[in-house]
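Step one of this worksheet: look at the structure below.
What follows is calculated from the coordinates using simple rules that are stated; it is not laboratory data. Everything numeric in this text was worked out from a predicted model, so none of it was measured. Neighbour counts are summed over all protein chains in view; Cβ atoms, including those assigned to glycine, are modelled from backbone coordinates with ideal geometry.
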Amino acid sequence: MPLACGREPPGRLVRCSSRGRVLGGGRTVTLAVVGAGSRRLSYARHATATGRAQVVAVADPVPARRAKFPSAAPYADWREFAALPRQADAVIIATQDRDHVESALRFAELGYDILLEKPMGVSQDECRAIVAAAERSDAIFAVCHVLRYTPYTKTLKALLDAGRIGTAHRPPPTAASTARPSPPARTPPPASTSPWSAARSGH
């Protein structure tokens, strides 16, 4: 079953979900949390508060974070968890940014439905590779662009669609906007004139 991707405007990926399939299908959904920082905990807690989800595994290098889910199987490294056969319906991936691509590709390969913290990757090719992996595995896949779903964002979107406040334009990137700024020049500290520094220097 192919991945259904909402596009707005045409050509820009907004959201993805597996066409015609609902996560869990009415039963309790089992979740794995990979990277259990504060924001990731809020996603898991919101899901479990509905009574429709249960966290069954957590992977994080910090023991105190793993302890936030006392009934979940603990793993110190996401790769240790990803080396196992599929353990849950879905995974919340909130690792360090540098690990997003590798972990998303691996969990898609294992057949997990995926909620991926932003950024997906650092290049279009990496993002396309993740979407392709989700399509191959028929995964329900979403990126945590959570502000898209807030009431004020929906209101602003409706006003833009209705032409009430003009047309939104996104300027193309320029060399100036994409270039890395040069680090500021380091100025040597002024020579000290204190008696203590003079004594240390032997003067």
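Mind ranking 89-101, 146-158, 47-59 by how tightly packed they are, going by the mean number of other C-beta atoms within 10 angstrom, highest first?
My ranking of the peptides, most packed first, is 89-101, 47-59, 146-158.
For each of Tyr43, Tyr112, count neighbouring Cβ atoms within 10 Å of the residue's Cβ, then give the residues from fewest to most.
Tyr43, Tyr112
How far is it, in nm, from the label point at Arg128 to the one at Asp77 when both lie 7 Å from their Cα along the line to the Cβ?
Calculated label separation equals 3.2 nm.
Working out 0.36 nm times the residue gap between Lys118 and Arg170, then minus their Cα-Cα distance, what length gain in nm do you get to one decimal?
In short, 16.7 nm is gained.
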